[in-house]
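Taking it in order: structure first as structure tokens, then the write-up.
None of the figures in this text is laboratory data; all of them are computed from the coordinates on show. Predicted model only: the values in this text are computed from it and were never measured. All Cβ positions, even for glycine, are placed from backbone atoms using ideal geometry, and neighbour counts span all protein chains on display.
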Amino acid sequence: MDALREAVRTGRLTPGSRLPSSRTLAADLGMARNTVADAYAELVAEGWLTARQGSGTRVARRAAPRTPEPSGPPARPVRRRPTHNLRAGTPDLGSFPRAEWLAASRRALTAAPNDAFDYGDQLGRVELRTVLADYLARTRGVYADPERVVLCSGFVHGLALMARVLAARRGRTRAVVGVESYGLDFHRDILTAAGLRTPALALDELGTRTEELISGEGELRGVDAVLTTPAHQFPTGAALHPDRRAAMVDWARGAGGLILEDDYDGEFRYDRQPVGALQGLDPERVVYLGTASKSLAPGLRLAWMVLPKALVGEVVEAKGDVATVPSALDQLTLAEFIASGAYDRHVRSMRLRYRRRRDQLVEALAERAPECRVTGISAGLHAVVELPPGTDERTMIEAAAWQGLGIQGLSGFRHPSVAPGRDALVIGYGAPTDSAWTGALDALCRVLA
């Protein structure tokens, strides 16, 4: 019946075509006649066929769908998907530890209590919150009592919750969240969609400039919170200077503000000791946000917030429906994956792999495109390649597309209120598989040479 319906729908059987009798078709197909007759009857009821005494069964005449008139200029041809993804923010998905994750999932499922299959706690499974509290204290210097940890379906979910809380605190008065002058536009969009204003915080080679924040002048007057990436600014790669870390925390204490710390790639440091989380300086003024998107895979949709004690109830209220909590089985699997040491082993392995790629990128550009300057390389999964004077960023992106490369320009991350700056490319070296990386790097060098 499905094949017959599809033949009519696609026009292989034209309107008015007469079909064989149910007896004949049943004999041809080696089926019972009643089966064919029932199929004909159902398709007649659906309007695909018509049946009249003496005329047999025919394909129904149906009005052809109207083709809408073009309302504008012809659409531009769709560019094919790039062969190599060098956009920032994506890890090597081919290196996801499938076998180890499956083993952890089996162990977690075997040991899972019956209540794990209920709707669950709005904070998330206590097993994962407990393991995360220990892991974050050990590796990132975070003060993380399990009762302060709230599990989210990705970083964006956590940011949206904080936006709701900040908006609710201000009531009818519009809350203000300072954001870094370079960052992800959809993070700003989440905040503005909640009714918040998002003025830009200036950046330099020492990270976010705190002078304007502390003075509270101009657009930064009355700031309620700041969203920042202090350990590895995205996308410029700067680490917030120790004096500015202290100054930002002092501002939060004095002004009663909050710091939303996005520690998106805290595990990947190469040339120096990891920079501890800002949250450790004042757990009551810093909201720490972390995720497994870079260390494992974004498709897991597993993230966490470590909250000031006074904020836990407000965030839970903003969260509302417990359906927004990640899958209980995924939570238990990650808890087991971390507790067994598999997470640490995977991070160490990927850190070595990404460092090797970063070194190859720097060496190749030094040899084949020496006029380009590579910055922001002490950590993370991307680098900033500053273009020579007179080289247009957009032209290079188009040239890269012809080489099958998907890359981004630094200007694409600029806050709308910030004046244009240097022409540069943001090159992600995390996404390609090991087998594809050599070809991607060679293509990039051809573009920049």
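Some notes on this structure:
- The residue list VAL287, VAL418, THR10 was ranked by how far each Cα lies along the charge dipole of the chain toward its positive end, using unit charges on Cβ atoms, and THR10 comes out on top.
- Length gained on full extension, ALA51 to ARG169: 35.8 nm, using 0.36 nm per residue less the C-alpha separation.
- The stretch 96-341, relative contact order in percent, only Cα pairs under 8 angstrom and at least six apart counted: 29 percent
- Assigned charges on the beta-carbon of Lys, Arg, Asp, Glu; the chain dipole about Cα centre (debye): 1700 debye
- Estimated FRET transfer efficiency (GLU367, ARG106; beta-carbon r; R0 45 Å; 0.05): 0.40
- In this structure, the amide hydrogen of PHE96, modeled 1.01 Å from its nitrogen in the peptide plane, lies closer than 5 angstrom to no residue at least 5 positions away or on a different chain.
- When exposed loop sites are taken as GluC sites (Glu not before Pro) in a DSSP loop with at most 15 other Cβ atoms within 10 Å, the longest stretch of the chain clear of them is 1-204.
- Distance (nanometres) between label positions extended 7 Å along Cα→Cβ at GLU6 and PHE186: 3.3 nm
- Placing +1 on the Cβ of every Lys and Arg and -1 on the Cβ of every Asp and Glu, with no other charges, gives the stretch 96-341 a dipole of roughly 240 debye about its Cα centre.
- Three-way shape call for the stretch 96-341 based on the alpha-carbon gyration tensor, with the a/c threshold at 1.5: prolate
- Computed lengthening from THR391 to LEU206, 0.36 nm per intervening residue step minus Cα-Cα distance: 64.0 nm
- Look at (i) 22.7; (ii) 25.5; (iii) 26.3: the one that is Kirkwood radius over Cα pairs in Å derived from this structure is (ii).
- Full-extension gain in nm, ARG221 to ARG345, via 0.36 nm per residue minus C-alpha separation: 40.1 nm
- Computed E for THR139/ALA37 - FRET, C-beta separation, R0 60 angstrom, nearest 0.05: 0.30
- Using the Cβ-Cβ distance between ILE214 and GLU317 with R0 = 22 Å, the FRET efficiency computed as 1/(1 + (r/R0)^6) comes to roughly 0.10.
- For the chain, built as a Gaussian network whose Cα springs stay under 10 Å, the top-fluctuating residue of ALA167, ALA99, ALA239: ALA99
- Dipole magnitude of the stretch 2-59, debye to nearest 20 (Cβ charges: Lys/Arg +1, Asp/Glu -1, about Cα centre): 260 debye
- Rounded if a/c under 1.5, otherwise prolate or oblate - the stretch 247-300, Cα gyration tensor axes: oblate
- Label-to-label distance, ALA436 versus ARG253, with points set 7 angstrom from Cα along the beta-carbon direction: 4.8 nm.
- Summarising the label geometry, the points placed 7 Å from Cα in the beta-carbon direction at THR14 and ASP282 lie 7.9 nm from one another.
- Euclidean distance of C-alpha centroids, the stretch 1-48 and the stretch 303-353, integer Å: 54 Å
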